Each structure stands twice: as structure tokens, then as C-alpha cells.
1. What value, in deg cm²/dmol to 500, does the helix sum -39500 (n - 2.57) over DSSP H runs of n ≥ 4 give at 222 nm once divided by the residues of the chain?
2. Where does each of W401, W138 land when they are ranked from fewest to most other beta-carbon atoms within 10 angstrom?
3. Working from Cα positions, state the angle (0 to 90°, nearest 10) between the long axis of helix 19-38 and the longest principal axis of the chain.
4. Based on other C-beta atoms within 10 Å, arrange H260, H439, H178, H103 from fewest to most.
5. Would you mind checking which residues have amide H under 5 Å from N79's amide H? H placed 1.01 Å from N; only 5 or more apart, or other chain.
6. Can you give the angle from 0 to 90° between the axis of helix 262-276 and the longest principal axis of the chain, with both taken from C-alpha atoms, to the nearest 10?
7. Once both labels are modelled 7 Å past Cα along the beta-carbon direction, what's the V352-D398 spacing in nm?
8. Of the GluC sites (Glu not before Pro) in segment 378-463, which ones lie in a loop per DSSP and count no more than 15 other C-beta atoms within 10 Å?
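Here, each number is a calculation from the coordinates, and none is a lab measurement. Everything numeric here is computed off the predicted structure, so don't read it as measured data. No Cβ is skipped: glycine too gets one built from the backbone with ideal geometry, and neighbour counts run over all protein chains shown.
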Amino acid sequence: MSKDNLEYKTKSIWSQIDKDDLIEIHDYSQRYKNFLDHAKTEREACRFIIKQAESKGFVDINEAIKGEIKAGDKIYINNRDKSCALFVIGNDIKEGMNIVGSHIDCPRLDLKQNPLYEDTDLAMFKTHYYGGIKKYQWTTIPLAIHGLVINKKGEKINISIGESSDEPVFYITDLLPHLGARQNEKKLKEAITGEELNVIVGHSSFGKDDEENPIKKLVLEYLYEKYSMVEEDFLVSEIEVVPASKARDVGFDRALIAAHGHDDRVCSYANLEAILEIENPNITAVSLFVDKEEIGSVGNTSMSSKFFENGVAEIIATSGEYSDLYVRRAMEKSKVVSADVTAAIDPDYKDVMDSHNAAKMGYGIAMSKYTGSRGKSGSNDANAEFIAELRDLFNKNDIIWQTGELGKVDEGGGGTIAYILAQRGADVVDLGTAMLSMHAPIELVSKADAYMTSKAYRVFLNQ
């Protein structure tokens with residue numbers, strides 16, 4: 001290295017690509033938008049991922065373990081239809097894996113178990129928000145209802161209402177400004193409460209004017225005719241409320257994407273495309289798509305559950321030389337990219353970011369050595385040796401990357417699944433797409449960053 005190249009400088013992806021790259025970026029973005037539109041919930045994302053995997057030759061682990069699993073085999077694990085893992089087997093899984101771990105749950109509103117009621121000639125659903133949201137952002141926007149209903153016949157019915165142009169949408173009201181003097185005096189986080197996030201789902205009482213709760217009853221009749229569902233079925237169902245909008249290009253140049261669920265589906269889709277292109281790696285390649293990250297990675301579909309380790313144990317067991325020690329070695333010798341988003345500098349809110357260390361839109365995939373809050377509390381804080389290894393790998397393969405962190409030291413913070421895999425002894429670092437309006441109903445990412453994210457994961461997995 002000459003003395004002329006001592007300074008570290010970053011450049012926008014857009015200034016480093018040619019016309020062919022531009023076409024590839026936009027083509028990738030079309031595929032990603034299709035995923036967003038068909039994967040509004042973790043169950044829908046899991047179905048999409050497994051369908052794509054099967055089309056590329058991946059086999060359910062329950063079938064694969066009937067024989068000996070060998071190098072080159074492609075296997076998937078479906079964990080309760082809400083999380084999954086894809087494996088492309090390398091030479092010896094006991095010697096470790098290259099793992100990209102992403103999550104497919106997103107901030108949203110969940111229906112309470114007994115949600116339906118009638119008040120002031122309106123039928124309403126009561127909700128309980130999921131993950132970190134600004135509650136006021138969910139009022140006065142078109143909403144859709146997705147989820148799983150299990151009726152008394154034992155039928156499992158997937159529902160989606162509000163996405164098609166010929167379907168109704170749903171709505172949460174806000175107070176008109178003419179009467180909002182007291183509301184305006186409240187702190188922003190207190191202006192709308194969780195108990196006020198009630199969704200309007202009906203209004204007409206036509207044909208039932210003389211009955212008690214006629215609108216609620218008409219809603220129940222609709223649900224029964226459509227899904228063979230009665231009110232008690234709400235108690236055992238999983239139903240989510242999400243924005244009723246499709247992923248859209250933003251800007252005259254169409255260089256950005258606005259959509260619900262970029263956190264963390266921008267990394268999840270990049271992870272999916274990357275693993276589907278891997279053939280015969282030396283080291284076993286694994287892509288994880290887990291649930292419950294937004295509420296602390298708890299529960300049996302989260303990264304804290306043992307479903308992934310159990311899958312590794314099943315694969316090792318087919319060799320006839322099973323030992324718990326082999327599973328532990330496989331985990332400890334693994335290298336992991338925690339595939340999650342980070343915050344980019346927002347020109348309207350620069351004061352909460354350290355401009356010397358924050359990621360920028362369009363400058364490539366962002367590597368965050370640590371997350372956590374304030375004094376790195378709850379952070380994985382990756383080791384220098386692993387970060388240096390990734391730097392060499394990315395620079396060698398023309399991956400455009402940058403570093404990032406989640407705001408100024410005392411402003412706040414957040415976490416990912418990185419610490420969970422690090423507890424198994426693996427080397428782990430957070431590596432994902434920088435974005436704006438994180439956790440809003442509609443978020444914003446750069447097409448160039450989304451594309452570079454998948455390219456980086458593919459290079460990491462294909463070793």
C-alpha cells in the first residue's frame with residue numbers, strides 16, 4: 001500500500017457500477033418486492049422460502065435422515081411453519097458451518113384472543129402490538145388482516161384480506177385536530193395508547209336493526225360463510241394486522257423501495273437468494289430464517305429454541321458416529337453472519353447519529369461490530385480476527401461494504417440474534433442492510449444496498 005492510500009474512504013454503489021450492474025440491481029429488486037408482497041407474516045414468509053427451496057432441490061430433513069446425508073445434499077427444516085433453516089452440506093459438518101441468520105417476523109399488530117366487539121354502530125377488533133412501534137404511525141392508514149384460523153372442524157385456514165384492489169381494507173381512527181388540544185399536549189409516545197389501536201371492521205346493520213350487537217353478528221356471519229369460523233375460533237387463532245400496501249419504487253429514479261417489513265425481510269430475502277445459488281461448498285452453508293426476534297427471541301420458533309441445533313444433530317447422526325460433542329464442535333467452529341438491518345443516516349434526523357460511524361444509504365452492506373445500548377449492553381461485540389477475515393473476503397470479491405451502528409452512544413440502541421449464536425461458541429458479527437424509518441409501518445431501503453446484501457451473503461456462504 002502506498003502513502004497515497006492511507007485514508008479510509010467510502011463511495012456510493014451507484015458511482016461504482018456499470019449498466020449491466022444497474023439492470024441486475026433492478027431485476028433483483030423486482031424479485032425482492034414480489035417476496036415482500038407475498039410474505040406479510042412469518043408464516044407466509046416460511047411458506048415462500050420452503051417452496052423456493054423445494055424448487056431448487058432441497059429435501060425435508062425428515063426424509064433426508066432416512067439415509068446417510070452426504071456432501072452436496074440440500075436439506076431444509078420447517079419449524080412449526082414459522083421458522084426454517086436451509087442447509088447445503090459441505091465436506092464435514094463437524095468441522096463447522098458458514099451460517100447466515102436472519103429473522104422473518106416484523107413489528108405489527110396482533111389481534112387479542114377475544115377481539116371482536118361493537119361500539120357506536122361500529123364493529124371493532126382489539127389488538128396488542130408486537131415489537132417496538134410508534135403507535136401513532138398505525139392510525140389512519142389502510143390495513144390488511146393476515147393469519148391462521150383453526151376452526152371447530154380442525155381445519156387450518158390461511159386468511160389474507162385487504163391486499164387485493166377488490167377487497168376491503170381496515171382502519172384505526174385518530175382524533176381530529178379541531179378537538180386535539182389535550183392530545184397535542186401529551187408526549188408523542190403517549191398520544192395514542194395501545195388500547196386505542198382498535199381496528200374498524202364493520203359498520204352496516206342492514207337486516208338486523210332490531211337485534212343486540214347487529215353489526216358484530218353480521219361480521220361473524222361473514223366469517224362463518226367465508227371460513228366456517230365462529231367467535232370462539234379467535235381464541236385459538238393467530239391473526240395479524242399489517243399495512244394494506246404493496247412494495248413500491250420511490251423517487252424519480254426508482255432507486256429506493258418503500259414497503260412493510262424491510263426489517264428484516266430485506267436480509268431474509270438476500271439470504272434466501274444466496275443459499276439457493278450455492279452448490280457443493282467446502283464448508284456446510286446454512287441459512288436461518290427465524291421468528292420472534294422483535295420480541296426478544298423467545299419461544300420455540302425463535303433463535304433461542306433448539307430447532308437448529310437439533311437439526312445439526314440429526315444430520316450428524318446419519319453418519320453413524322453421533323456424539324453430543326460433535327454437535328458442540330460443529331457449533332463452536334462455525335462462523336456466523338447475523339443478517340439484520342441497521343439505521344442509516346436520515347438527513348432530517350442527523351442529530352441522533354454519529355456521522356463518522358453511521359451507515360449511509362447506497363454505500364453497501366453495513367457491518368456492525370457491536371449493537372446493544374449505551375455501554376454496549378446486550379451486545380455480541382465481534383472479535384477483530386473475524387471482522388478482518390470478512391474484510392479480506394469482501395474486498396477480494398468486490399463486495400461494497402461499510403460500517404454502521406445504531407445511533408449515538410447515549411441515544412438508545414437495540415439487539416439482534418447475534419449473541420444467541422455466539423453463546424454456542426461461534427464467531428458472529430452483525431451484517432445487514434442500512435435503512436430509514438425502521439419499525440415504521442412502511443420502511444425505506446436502497447435497491448443498491450439490498451442487492452449488495454445478497455451478493456455479500458452468497459460470497460460468505462460459498463466457501
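1. Working: 12 runs with 130 residues, N = 463.
Taking each H run of at least 4 residues, the total per residue is -8500 deg cm²/dmol.
2. Going from least to most buried by this count: W401, W138.
3. For helix 19-38, the angle is close to 40 degrees.
4. The most exposed by this proxy come first: H178, H439, H260, H103.
5. When sequence neighbours closer than 5 places are left aside, the close amide H contacts are C84, A85.
6. Value to nearest ten degrees: 50.
7. Modelled inter-label distance: 3.7 nm.
8. E411
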